[in-house]
Every structure is written in C-alpha cells, then in structure tokens.
Amino acid sequence: MKYIVSFSTGKDSVVLLLDAIHKYGRKNILAVFADTGAEFPETFEYLSYMEKRLNVKIHVAKNRKWDFFSYSRSRCKMPDSKNRFCTQLLKLDPISVWITANANRKTDIILTGERREESKRRSLYEKQYYNKKMRMQGIRPLLEVTTKSIFAEIRRAGLLPHPIYSIWDRLGCYCCVFNTVDEWKQLEKHHPLLFKKIADFEEEIGYTVKKGISLRQLVG
C-alpha cells in the first residue's frame, strides 16, 4: 500500500507531507505536484528545497496538451467563480493521470490537506472518504488543525514555508482570478514581468480578470 500526498507547496501540504512521512515512512509515500503553467518561479525552487530537506522525491504532473495560458487562449477567457476549469483541467486531471500510471487505486490511499477552519463547506468534511475525482479511498489528516499550528509545525520541523507567504496570505497560481486587488498590486511590485505577462494576456484575448476593468487600471 502506498500513500499519495497531493503536494501544492503551500503550508498545509508541507505539514501533510511531514505527517505522512512520520506515520507511514518515506518508502511508502508518493508525493505529486500539479504544474498549471502559471506557477511562481519560487515554487519550483521550493520543490527542490523540500526534496533535499526531506529526502523525498516530489513528482510533477502536468496536462499533456494544455496549460493555463494555452487553454484560456483557446476559450478567449480565463476561469471565473462559475467555471473554474483551471482546477479540474490543470490540477485534478493531471494528478489523476499520474495516479493511473504510478499507483493502484484499489489499494493505495490519497492524502489531501483540507482543514475545517478554511470554510463552512470544509467544516463538514469527513476525515475518511471516497475521493470520487481520483476514484480511490482518501484521508484528510489535517481537518482539525489550525492555521496557527500549521506554521508552528513547519518551524518545529526546521523548515521554511514557501517564500510567497512573506507577501501573500495564500499560495496559488500567480494569475489566480481570485487574487485580491492588493495581491495584484503585490504581484506588480514583486514580480513585474509576471504581472506584465497576465496584463498583456488580457489585451491579447480581449478578456479582463475583473469585469469592466483591466489589471493595469486596477493597480494604477
């Protein structure tokens, strides 16, 4: 039996991986990261950092046909709250394909880092369940863990959190359509080339992340 850790490089997934190593041992862990094509450069540096510090191989899964920009270009729009195609197409589907090639859905278990504290919906989650999207048994080991204790666990392990937490409260794609105005401003300030890429992309496909206003206008 193997335990598959869905590893995003975010704070919760770091503690999830630490917990899995402690409970099941490195040789029984399969860690996998989904590359959407819109990741912070620091994310890949952090993947290498975690591999070296924890002596664990972190596999990278990626959609073989699309990334964030190519698929958005094909649709002339980006994801929104009603159609979050980025999550399914660029994260869940590639991980599912990777699991098919590298794991056994009948015996292996997928571990994910949801916490009750995060939202009302997640507060109702069960710890052990059947993961319909991955078609295998799943466990959510961190359901009762608080944000405060998450960072404490990372420090206790002698690790650094992803560097993006120094300027953002959460970690995701740099061009996440759910970024706040302040997060877009921080992106322009700290990663001007990435901000330019997404702002230029808006103009290219004729679609704005925020309805009725471009990103350049939003941060101006």
Residue 154 part of a helix (DSSP H, G or I), out of contact with any strand residue (DSSP E or B) (no Cβ under 7 Å at 6 or more places or on another chain), of a type in the set (Val, Ile, Thr) and in the same structural domain as residue 87 (by TED's automatic domain parsing):
yes
In segment 195-218, what residues are aliphatic (A, V, I, L, M) and buried (at least 18 other Cβ atoms within 10 Å of the Cβ)?
198, 199, 209, 215
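Look through 73, 115, 140 and report the one residue that is within 30 Å of residue 201 (Cβ to Cβ) and either touching a strand residue (DSSP E or B) at 6+ places or on another chain (Cβ under 8 Å) or surrounded by 13 or more Cβ atoms within 10 Å (Cβ to Cβ) (or both).
Answer to the selection: 73.
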Answer residue from segment 178-193, given it is surrounded by fewer than 14 Cβ atoms within 10 Å (Cβ to Cβ) and under 19 Å from the mean Cα position of the chain (by Cα) and is modelled with the lowest pLDDT among those
178
Could you check, for segment 85-104, whether at least one of its residues is out of contact with any Gly (no Cβ under 8 Å at 6 or more places or on another chain), more than 18 Å from residue 209 (Cβ to Cβ), of a type outside the set (Ser, Thr, Tyr) and modelled with pLDDT under 95?
yes
Residue 60 passes all but one of (1) under 15 Å from residue 6 (Cβ atoms); (2) in contact with a strand residue (DSSP E or B) (Cβ under 6 Å, 6 or more places away or on another chain); (3) exposed (fewer than 12 other Cβ atoms within 10 Å of the Cβ); which number fails?
(3)
Flag if residue 116 is free of Cβ contacts under 8 Å to residues at least 60 places away in the same chain, under 20 Å from the mean Cα position of the chain (by Cα) and more than 30 Å from residue 191 (Cβ to Cβ)
yes
Okay, helices (runs of 4 or more DSSP H) sitting entirely in segment 1-76 with 2 or more residues that are of a type in the set (Val, Ile, Thr), I get 11-24
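Here's the yes/no breakdown for (1) in contact with a strand residue (DSSP E or B) (Cβ under 8 Å, 6 or more places away or on another chain); (2) of a type in the set (A, V, I, L, M, F, W, C); (3) outside any helix (DSSP H, G or I):
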| site | (1), (2), (3) |
| --- | --- |
| 170 | no, no, yes |
| 183 | no, no, no |
| 186 | no, no, no |
| 195 | no, yes, no |
| 198 | no, yes, no |
| 203 | no, no, no |
Residue satisfying condition, being of a type outside the set (Gly, Ala, Ser) and under 30 Å from residue 207 (Cβ atoms), within set 35, 108:
35
Condition first: free of Cβ contacts under 8 Å to residues at least 24 places away in the same chain and basic (Lys, Arg). Now tell me which residues in segment 65-92 satisfy that.
65, 75, 82, 84
Of (1) assigned by TED's automatic domain parsing to the domain that holds residue 81; (2) farther than 24 Å from residue 32 by Cβ, residue 143 satisfies all except one. Which?
(2)
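The values are calculated or read from the model by the stated rules, or taken from the named source; none is laboratory data. For clarity, every value in this text was computed on a predicted model and none was experimentally measured. Glycine gets a Cβ as well: all are built from the backbone with ideal geometry, and neighbour counts include every protein chain shown.
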